[in-house]
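The structure under discussion appears below in the form of structure tokens.
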Amino acid sequence: MKFVLSTSFSTVAHLTRIAPVADVHGWDAMSFSDHVVHPEQISQAYPYTEDGSRRWAAFTDWPDPWVVIGALASITERLRFTNNIFVLPMRNPFLVAKAISTAAIVSNNRVTPAFGVGWSADEFALMQQDFRTRGKRTDEMLEIMRLLWTGEMVEYQGEFYQFERLEMNPAPSKRIPIWIGGISDPAMRRAARLADGWVTDLQPSSEIIDSIARIRQWRRDCGREQEPFEVMATPNDAWDADGYRRLEDAGVTHILTMPWAFYHGETDDVNLKIDGIKRYADEVISALS
């Protein structure tokens, strides 16, 4: 079992202090959430809470994940970087491919992008991207990025994207793994068909385990059951070694968590965050390594 440090809602200035601590205390990776803006009013309910309200307040920091990853890669040695989640179809596929390949190069292949299709039609409108076609466009974007990351002359003719022969360099020296996030059937089917892993939402262990079983069946249907597949989970009812081992037995490879919350609550004190990172590593990660 590997552990991923969630930085959601964290003050950006704290990240350069947190990352080197996680790097030397047994954490496998750091993860970054994604919003470009925070509309004061939203035109649709947030889908991951019962009352439709967002899990964060206005004026929360939302840094660009790939800028941050590039910066933190320069002050760490082994820590990997991922997302929970990066909203792929809100962007241009060429710019995303360029940012991620650059991050892969400067980090010595320590990136695992994790993509979702997003929920905020308001942000899509501001980014001038079609919200209704985001799922189908995501499928094409994944294919396009894989082509661009070869560094060779490539072309593509899809329903939404078309281009003649071109190349994008510098190319990553190793294959970039891709995870897909989301708890809908289309999201989990996309993970089964096109990705190297799946990212859960904040969910009960039973739901996570059931979803993994369904994804495994879809992977068998695609003939991909023998390929490696990772799962980054955020259980809302497992906080100790026994709970994590149950998830590991079901196929969870990574636990995403915010460790300082266990010791200091929802603090924004960077020193308390660092204390939580160290204590969790000593008390939980060491017991499962």
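Would you please name the residue that is nearest to D269 (Cα to Cα), looking only at residues in the stretch 1-24 that are touching a His at 6+ places or on another chain (Cβ under 8 Å) and surrounded by fewer than 20 Cβ atoms within 10 Å (Cβ to Cβ)? Among those residues, the one meeting the criterion is K2.
Taking helices (runs of 4 or more DSSP H) as the structural unit, those lying wholly within the stretch 228-289 and holding at least 3 residues that are aromatic (F, W, Y) and free of Cβ contacts under 8 Å to residues at least 24 places away in the same chain correspond to 260-264. Looking across the stretch 1-24, the residues that are over 21 Å from M90 (Cα atoms), of a type in the set (S, T, Y) and part of a loop (DSSP other than H, G, I, E, B) come down to T7, S10, T11. Scanning the stretch 251-266 turns up one or more residues that are farther than 11 Å from I208 by Cβ, over 21 Å from the mean Cα position of the chain (by Cα) and at pLDDT below 95. Given the structure, is I209 of a type in the set (V, I, T) and in contact (Cβ under 8 Å) with a residue 40 or more places away in the chain? Considered against the rule, which asks whether it is of a type in the set (V, I, T) and in contact (Cβ under 8 Å) with a residue 40 or more places away in the chain, I209 comes out as yes. Candidates are the residues of the stretch 58-71 that are surrounded by 15 or more Cβ atoms within 10 Å (Cβ to Cβ) and under 16 Å from the mean Cα position of the chain (by Cα); the one that is nearest to S8 (Cα to Cα) is W62.
Within the stretch 25-50, if we keep just the residues that are among the small types (G, A, S) and in a strand (DSSP E or B), the residue that is surrounded by the fewest Cβ atoms within 10 Å (Cβ to Cβ) turns out to be A29. Restricting attention to the stretch 239-260 and to residues that are farther than 28 Å from R17 by Cα and of a type outside the set (D, E, K, R), the residue that is surrounded by the fewest Cβ atoms within 10 Å (Cβ to Cβ) turns out to be G243. Taking the criterion of being of a type outside the set (S, T, Y), part of a loop (DSSP other than H, G, I, E, B) and closer than 20 Å to R193 by Cα, would at least one residue in the stretch 77-90 satisfy it? Looking for residues that are of a type outside the set (S, T, Y), part of a loop (DSSP other than H, G, I, E, B) and closer than 20 Å to R193 by Cα, one finds at least one in the stretch 77-90, hence yes.
If you go through the stretch 261-289 and keep only what is under 16 Å from D23 (Cα atoms) and among the aromatic types (F, W, Y), you end up with just Y280. For the stretch 209-225, state whether one or more residues are under 24 Å from I285 (Cβ atoms) and part of a loop (DSSP other than H, G, I, E, B). No, that holds for no residue.
When each of T7, T49 is tested for being more than 17 Å from L256 (Cα to Cα) and polar (S, T, N, Q), the lone residue that passes is T49.
The values are calculated or read from the model by the stated rules, or taken from the named source; none is laboratory data. Computed from a predicted model, the values in this text were never measured in an experiment. Counting neighbours? That spans all protein chains shown, and the Cβs are built from the backbone with ideal geometry, glycine included.
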